[in-house]
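S.K.: Before I ask anything, here is the structure I am working with.
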Amino acid sequence: MSIEIIPLGAGREVGRSCVIVRMAGRTLMFDCGIHMGYEDQRRFPDFSHIAQTDDFTPYFDCVLITHFHLDHCGALPYFTEMKGYNGPVFMSGPTRAIAPLMLEDFRKVCVEYKGESNFFTSEMIKGCMAKVTTIELHQTITVCGDINITAYYAGHVLGAIMYHIECRGYSLVYTGDYNMAGDRHLRGAWIERLNPHVVISESTYATKYKELKMRREKMFLKKVVQTIERGGKVLIPVFALGRAQELCILLDTYWHRTHIEVPIHFAGALTEKANLFYKTYINWCNENVQRTFLMRNMFDFQHITPFDRGNIKAKEPMVLLATPGMLHGGLSLSVFKEWCEDSKNTLILPGYCVPGTVGHTLLKSKTDVVMIEGKEYEVRCEVQAMSFSAHTDHRGIMQVLKWIHSSNVVLVHGEEERMRGLLQDVQQTMGVPCFMPGNLEHLMIQVNASVPMKIEYPLICDYRATHHVNFVENIFQNNPRPQELECNITDDWILEDARSISFSCEIFCSLNQLKSTLEDSILQLLSIEEIAESRLQLTWDAKDDTLVSPLLSSLPQAA
């Protein structure tokens, strides 16, 4: 039995997250993002690899979005409204609230600012969001009768979630982007120890180790102060939600403590709405934010004001946080073009920039000249990369992979060279298979899935009438109310690799009493687990069918 994984995006790259999973006859899509480094159809996942059609509804059982970043949800209106998918779409409440604003802002940049055509419209965004069902943290939703979806807290940004999927004995975790370290406004990621067959994990900072938070913040504030003291301006490209709030809290707190009078501005149409979302979904924030919310709301900034575009050419020192975060368009790029040729100014890039963006070029370039929209700009300003990224580092990735305890690890959403280093580390330290499929590759992972079984009591009666007493008889002989065991046998209980049954254990004083009824030879072949309160599950390999024949013979209709 196998689980098939097909990245349509984020395969050995960062951006355009879209991972297809096929298991137990079901097909799921995790995330549906765009690549910020492209300005043509390559920005979207290649759905034609799945089918040449304008109606994808029959090809997918559901779509699961982890968070509102465009590289994870930016292609969703394209998929639902232009590619005809009309099935279930799931995301968290904060993501459902924020995503349409992010999508509309992106649409305006592409269509109204850059003049692109063949793009989704505002009405399409509304139609897309109408298809969304929200899922709460730790809530389990069942789709198609047998796909059980559970959401876990991922940190990263407001509303980001991980998914655990269970379907007919198969188990899989998809992490999306996550952050194991809490910050000034969000908690660190948390998930149960699920022991799935497969975990699909992001690997943005696969081999990187983040600096200590206190040291990183100190360096950031020092660079900001040095710049304004020499009469310069500081440009900090950010996305409207996430690191923007983190840096605003840091700067506002420092300005309050030091009484600095140089203005801090935040530019971006989503700013006020973004802060409103944090107030609305305060329960997603960390304990410190929640505790101080009524006394002093951290998102009511005292020293940060909206930016007037007329001040782009101003000579006075200032600090400006502007969107978008990778300098791939919008106001942050416009401001950079105005400020980059002044050596007094500083550009601080606080997050990851994908290849193809101006931000990535500045971080990787060895020259002082950058080409933007066909024009050369001489970069005299100071350029600093200071990672305030909400992605976990190597230490955090290994921590969550070891904790989840999966039989197989699949890496996505990372740069190939670094992913290879992480892959080797996973294999050496965890001793499990690790894979890093490229885009459009079909990865088949063999797993030993087991389907929980329920035994109808009439079958036990049939067995008692026609067979000698064995351990099944011993199990049920002291049951005063056998009718409580009534249930149904699943249609596909016989599997290629494993067998499993589950039943009420109210008839036992304890799990140990069950084990004491079994012969040692049979006990060695069985895995006996209490899967829920008052329910036991027995699992064994298919190759041991004949040795466990007393158990199999209790199911004569399925034998």
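The values are calculated or read from the model by the stated rules, or taken from the named source; none is laboratory data. Here the structure is a predicted model, which means the values were calculated and not measured. Note: ideal-geometry Cβ built from the backbone for every residue, glycine included; neighbour counts use all protein chains shown.
S.K.: Could you tell me how many of the residues in the range 400-436 are in contact with an Asp or Glu (Cβ under 6 Å, 6 or more places away or on another chain) and either surrounded by fewer than 17 Cβ atoms within 10 Å (Cβ to Cβ) or among the basic types (Lys, Arg) (or both)?
M.R.: 0
S.K.: Is there any pair with a first residue in the range 330-345 that is closer than 23 Å to Glu229 by Cβ and a second that is at pLDDT 95 or above and of a type in the set (Gly, Ala, Ser) whose Cβ atoms are under 9 Å apart and which are 6 or more apart or on different chains, and what are they?
M.R.: Trp339/Gly232; Asp342/Gly232; Ser343/Gly232; Lys344/Gly231; Lys344/Gly232; Asn345/Gly232
S.K.: Which of (1) buried (at least 22 other Cβ atoms within 10 Å of the Cβ); (2) at pLDDT 95 or above is the odd one out, the single condition His156 does not satisfy?
M.R.: Checking His156 against (1) buried (at least 22 other Cβ atoms within 10 Å of the Cβ); (2) at pLDDT 95 or above, the one that fails is (2).
S.K.: Also, I was wondering about something else. What is the residue count in the range 242-259 for residues that are in contact (Cβ under 8 Å) with a residue 40 or more places away in the chain and farther than 20 Å from Phe336 by Cα?
M.R.: Going through the range 242-259 one residue at a time, the tally reaches 9.
S.K.: Among the strands (runs of 3 or more DSSP E) contained in the range 80-180, which hold 2 or more residues that are touching a His at 6+ places or on another chain (Cβ under 9 Å), touching a residue at least 40 places away in the same chain (Cβ under 8 Å) and closer than 20 Å to Gly9 by Cα?
M.R.: Passing ranges, in order: 170-174.
S.K.: Continuing with this model, one more query. Report yes if some residue within the range 260-270 is in contact (Cβ under 8 Å) with a residue 40 or more places away in the chain, exposed (fewer than 13 other Cβ atoms within 10 Å of the Cβ) and either assigned by TED's automatic domain parsing to the domain that holds Leu362 or out of contact with any Asp or Glu (no Cβ under 7 Å at 6 or more places or on another chain) (or both); otherwise report no.
M.R.: Checked the range 260-270: no residue is in contact (Cβ under 8 Å) with a residue 40 or more places away in the chain, exposed (fewer than 13 other Cβ atoms within 10 Å of the Cβ) and either assigned by TED's automatic domain parsing to the domain that holds Leu362 or out of contact with any Asp or Glu (no Cβ under 7 Å at 6 or more places or on another chain) (or both).
S.K.: Of all residues in the range 125-153, which are surrounded by fewer than 18 Cβ atoms within 10 Å (Cβ to Cβ) and either in contact with an Asp or Glu (Cβ under 8 Å, 6 or more places away or on another chain) or of a type in the set (Asp, Glu) (or both)?
M.R.: If the condition is that a residue be surrounded by fewer than 18 Cβ atoms within 10 Å (Cβ to Cβ) and either in contact with an Asp or Glu (Cβ under 8 Å, 6 or more places away or on another chain) or of a type in the set (Asp, Glu) (or both), then Gly127, Glu136, Cys144, Asp146, Asn148 are the ones that fit.
S.K.: Restricting the first residue to the range 201-213 and requiring it to be in contact (Cβ under 8 Å) with a residue 40 or more places away in the chain, which pairs with a second residue that is part of a loop (DSSP other than H, G, I, E, B) and among the aromatic types (Phe, Trp, Tyr) meet a Cβ separation below 9 Å and a spacing of at least six or different chains?
M.R.: Hits for this filter: Ser201/Tyr178; Glu202/Tyr178; Thr204/Tyr352; Tyr205/Tyr352.
S.K.: For the range 360-404, which fully contained strands (runs of 3 or more DSSP E) count at least 1 residues that are among the aliphatic types (A, V, I, L, M)?
M.R.: In the range 360-404, 369-372, 382-385 are the strands (runs of 3 or more DSSP E) which contain 1 or more residues that are among the aliphatic types (A, V, I, L, M).
S.K.: Return only the number of the condition from (1) under 24 Å from Ile5 (Cα atoms); (2) within 15 Å of the chain's Cα centre (by Cα) that Gly188 does not satisfy.
M.R.: (1)
S.K.: Within the range 173-181, can one find any residue that is small (Gly, Ala, Ser), on the phi > 0 side of the Ramachandran plot and crowded, with 22+ Cβ neighbours inside 10 Å?
M.R.: yes
S.K.: What number of residues within the range 61-110 satisfy the criterion of being among the aromatic types (Phe, Trp, Tyr) and buried (at least 24 other Cβ atoms within 10 Å of the Cβ)?
M.R.: Final tally of qualifying residues: 2.
Residue-wise test of (1) in the same structural domain as Gly93 (by TED's automatic domain parsing); (2) farther than 19 Å from Phe106 by Cβ; (3) in contact with a helix residue (DSSP H, G or I) (Cβ under 6 Å, 6 or more places away or on another chain).
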| residue | (1), (2), (3) |
| --- | --- |
| Asp252 | no, yes, no |
| Asn275 | no, yes, no |
| Phe299 | no, yes, yes |
| Asn311 | no, yes, no |
| Lys315 | no, yes, no |
| Leu331 | no, no, no |
| Glu338 | no, yes, no |
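S.K.: In the range 47-65, which residues are without any contact (Cβ under 8 Å) to a residue 24 or more places away in the chain and part of a loop (DSSP other than H, G, I, E, B)?
M.R.: Ala51, Gln52 - these are the residues of the range 47-65 that are without any contact (Cβ under 8 Å) to a residue 24 or more places away in the chain and part of a loop (DSSP other than H, G, I, E, B).
S.K.: Still on this structure, please answer the following. I need the full set of residues from the range 29-57 which are surrounded by fewer than 24 Cβ atoms within 10 Å (Cβ to Cβ) and within 26 Å of Thr150 (Cβ to Cβ), in order please.
M.R.: Within the range 29-57, Ile50, Phe56, Thr57 qualify.
S.K.: Right, something else. Return yes when Gly351 is in the same structural domain as Leu235 (by TED's automatic domain parsing), touching a Ser or Thr at 6+ places or on another chain (Cβ under 8 Å) and either without any contact (Cβ under 8 Å) to a residue 12 or more places away in the chain or in a loop (DSSP other than H, G, I, E, B) (or both) and no when it is not.
M.R.: Spelling it out, Gly351 is indeed in the same structural domain as Leu235 (by TED's automatic domain parsing), touching a Ser or Thr at 6+ places or on another chain (Cβ under 8 Å) and either without any contact (Cβ under 8 Å) to a residue 12 or more places away in the chain or in a loop (DSSP other than H, G, I, E, B) (or both).
S.K.: Name the pairs whose Cβ atoms lie under 7 Å apart, with the first residue in the range 307-321 and over 11 Å from Phe266 (Cβ atoms), the second β-branched (Val, Ile, Thr), and 6 or more positions between them or separate chains?
M.R.: Ile312/Val335; Pro317/Ile228; Pro317/Val262; Met318/Val262
S.K.: For the range 414-437, what are the residues that are closer than 16 Å to Arg395 by Cβ and not in a helix (DSSP H, G or I)?
M.R.: Listed by number, the list holds a single entry, Gly414.
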